[in-house]
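Before any comments, here is the structure.
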Amino acid sequence: MENKIIVKHSQYIEISRIPDGHDGVISVAENHKNIPFDVKRVYYIYDLNNPEAIRGKHAHKKLEQVLFCISGSCEIGLDDGTTKQTIKLDKPNIGVYLGIELWHTMQKFSNHCILLVLASDYYNASDYIRDYDEFLEYIGKERGGQ
Ligand code: T46
């Protein structure tokens, strides 16, 4: 597991963590303050009860997103077509930016894992590249090439 994100089109996104004494913590995400785009859509993924589940397995052509694991933990696979890495998300205020042309997966969900995703645009099925070879072709690389 790596601490530093080295793939292209990705980075950790840290948002505030405001403790309210013994009464909980508030974290706040704001357009262009800590989220690098205008958020048009929010969705969340939960009931991740299948330990074998691997979600994602696609890249986006234009969509930008920030994904937070706001409960529990999970792993995120990142692949820019040249460099691959796996990171772990286990803090509600530290998310990952999923930029364009980035193959990504989500897996190894803990109990009660909930993923919260902020997206730069409305849902558009034609923005997805769901075939890995097509992804490599789209970004202009050949498998194993530089
Ligand atoms: C992504 C990762 C991080 C909709 O109808 N509207 C939506 O806004 C979304 C997000 C999904 N859907 C439908 C499309 C599929 O029939 O929900 C179904 C499951 O979507 P998908 O298989 O794409 O789910 P994931 O978890 O693999 O991917 C999701 C997002 O779709 C994707 O954009 O980057 O989370």
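Bear in mind these aren't lab numbers, they're just calculated from the coordinates by the rules spelled out. Keep in mind that this is a model prediction, so the values were computed, not measured. Methodologically, a virtual Cβ is constructed for each residue, glycine included, from the backbone with ideal geometry; neighbour enumeration extends over all protein chains shown.
Could you work out which residue, out of Asp90, Asp20, Asp38, moves most in a Gaussian network model of the chain, that is, has the largest mean-square fluctuation with Cα springs under 10 Å?
Fluctuation is largest for Asp20.
Just how many pairs of Lys in region 39-134 have C-alpha atoms closer than 19 Å, counting pairs that are eight or more places apart or on different chains?
9
Suppose the chain between Asp127 and Asp90 were pulled fully straight at 0.36 nm per residue; how much longer would it get relative to their current alpha carbon spacing? Can you show the working numbers first?
Working: separation 37, 0.36 × 37 = 13.32 nm, distance 2.83 nm.
Full-extension gain reported as 10.5 nm.
Using a Gaussian network for the chain with springs between C-alpha atoms less than 10 Å apart, which of these wobbles most: Val96, Val39, Val28?
Maximum among the listed residues: Val28.
Shape verdict for region 8-86, please, from the Cα gyration tensor: rounded (a/c under 1.5), prolate (a/b greater than b/c) or oblate. If you can, show how the numbers build up before the last one.
Working: a/c = 1.96, a/b = 1.30, b/c = 1.50.
It comes out oblate by the Cα gyration axes.
Who wins for biggest fluctuation among Gly21, Gly56, Gly95 in a Gaussian network model of the chain, springs between alpha carbons below 10 Å?
Its mean-square fluctuation being the largest, the pick is Gly21.
Which value, in debye to the nearest 20, describes the size of the charge dipole of region 22-146 about its Cα centre when Lys and Arg Cβ atoms bear +1, Asp and Glu Cβ atoms bear -1, and nothing else is charged?
Details: 14 positive and 18 negative charges, 29 e Å.
Dipole magnitude for region 22-146 comes out near 140 debye.
What percent does the relative contact order of region 3-122 come to when contacts are Cα pairs within less than 8 Å and at least six residues apart? Display every interim value, and only then the final one.
On the way: 294 pairs, mean separation 45.1, N = 120.
38 percent.
Looking at the square roots a ≥ b ≥ c of the eigenvalues of the Cα gyration tensor of region 5-146, which shape do they give, rounded for a/c under 1.5, prolate if a/b is larger than b/c, or oblate? Mind showing how you got there, number by number?
Details: a/c = 1.94, a/b = 1.57, b/c = 1.24.
Since a/c reaches 1.5 and a/b is larger than b/c, the shape of region 5-146 is classed as prolate.
In the P(r) worked out for region 40-94, what percent of Cα pairs fall beyond 16 Å? Could you put the intermediate results ahead of the total?
On the way: 794 of 1485 pairs.
When all Cα pairs of region 40-94 are counted, 53 percent exceed 16 Å.
Per DSSP H run of at least 4 residues, take -39500 (n - 2.57); add these up for the chain, divide by its residues and hand me the 222 nm value, nearest 500 deg cm²/dmol.
Numbers: 1 runs with 7 residues, N = 146.
Theoretical 222 nm ellipticity from helices: -1000 deg cm²/dmol.
Rounded, prolate or oblate: which one fits region 1-51, using the alpha carbon gyration tensor with axes a ≥ b ≥ c (rounded when a/c is under 1.5, else prolate when a/b beats b/c, else oblate)? Numbers along the way, then the final one.
On the way: a/c = 1.38, a/b = 1.14, b/c = 1.21.
Rounded, since a/c falls under 1.5.
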